[in-house]
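Report on one structure; see the data block that follows.
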């Protein structure tokens, strides 16, 4: 079980293995994807699992449920926004309940859709961007075959463990963009999201290169580019092919190599200039990145960093 979902363990305790957190955590990351497959002998209080100040999407494959007075039948989907007060919801006794939820904090969605606010459905836009934290229950609609296929794939992602986070994030965006948020042109919406992601990554790269000795933290990078640190880490790795720490190390080693080639800096001075206080750590990073030890590098000027 994902330890990041510990806050919900008590609410789902009676369901036991019928609840599977797949990705993320609403409180820590602003987003979570969860899979549900269970039967219950009595009416289940579904509302006690909801997060305050969140927007949750339910894609209901099987079983009957209700949020306030809105019914969730099999093959139906909808959203509900939880404010500061509890929102009543239930799951029928003896049904097999099989559904996926995409859970988001409102603050997380504000950051992600700040530049696409005009593309959102009006009701969803008000839920995300208005300051009032009230309960709102959206309409329920039939699920398309495409949506059902995506939902069914969530329990068994067809990717390696190291790529699961990016895969889940992409699928959550796909489900939102093509159904709940329903812009006039979903393809244009997705393209805009990709463009914004690329711009954020480029801005993060500029900020990292600005000060190699005292680079910004992941949290401050997220604030500067306008998204959560968690989301920035994901899109950076996807766009660049390196994690932020790996990219920063490459920047430092490139700069150190330039200094050593100039002939005006010795190894210790070059290490200090790029933020390393430990000569052994610097030498190890330089050897792994450039391909030779820093003391030999000035004689190996044809070595090119592959990045």
Any chance you could give the angle, 0 to 90 degrees and rounded to 10, that helix 186-210 forms with the longest Cα principal axis of the chain?
-> 30 degrees
Give the residues of the range 210-228 whose amide nitrogen is closer than 14 Å to a point set 7 Å from the Cα of residue 199 in the direction of its Cβ.
-> 225-227
Taking N as the number of residues in the range 104-155, what is its alpha-carbon radius of gyration divided by 2.2 N^0.38 Å?
-> 1.38
Translational D in µm²/s for the range 189-241 (Stokes-Einstein at 25 °C, 0.890 mPa s, Kirkwood Rh from C-alpha pairs) = 219 µm²/s
Against the longest principal axis of the chain, how steep is helix 229-240, in degrees 0 to 90 to the nearest 10, with axes from Cα atoms?
-> 60 degrees
Give, in whole angstrom and from largest to smallest, the semi-axes √(5λ) of the equivalent ellipsoid of the range 254-299, with λ running over the eigenvalues of the Cα gyration tensor.
-> 14, 13, 8
Order of 128-134, 84-90 by packing, highest average Cβ count within 10 Å first?
-> 84-90, 128-134
Listing 287, 227 by rising number of other beta-carbon atoms within 10 angstrom, fewest first, gives 287, 227
Per the Kirkwood formula on distinct C-alpha pairs, the Rh of the range 3-156 is how many angstrom?
-> 15.8 Å
Distribution output for the chain: share of Cα-Cα pairs per 10 Å bin in percent, first bin at 0, values 6, 23, 28, 18, 12, 9, 4, 1
Would you order 201, 295 from fewest to most other beta-carbon atoms within 10 Å of each residue's own beta-carbon?
-> 295, 201
Residue 214 versus residue 131, label points 7 Å from Cα toward the beta carbon: distance in nm?
-> 3.5 nm
Quick one: length gained pulling residue 75 to residue 42 fully straight, 0.36 nm per residue minus the C-alpha distance?
-> 9.7 nm
How big is the convex hull of the Cα atoms of the range 195-307, per residue, in Å³?
-> 99 Å³
The chain: calculated mean residue ellipticity at 222 nm from DSSP helix runs of at least 4, using -39500 (n - 2.57) | -12500 deg cm²/dmol
Please sort 235-243, 259-267 by packing, taking for each peptide the average over its residues of neighbouring beta carbons within 10 angstrom, highest first.
-> 235-243, 259-267
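Bear in mind that the values in this text are calculations on the coordinates, not laboratory data. Remember, it's a predicted structure, so these values are computed and weren't measured experimentally. All Cβ positions, glycine included, derive from the backbone under ideal geometry; neighbour counts span all protein chains shown.
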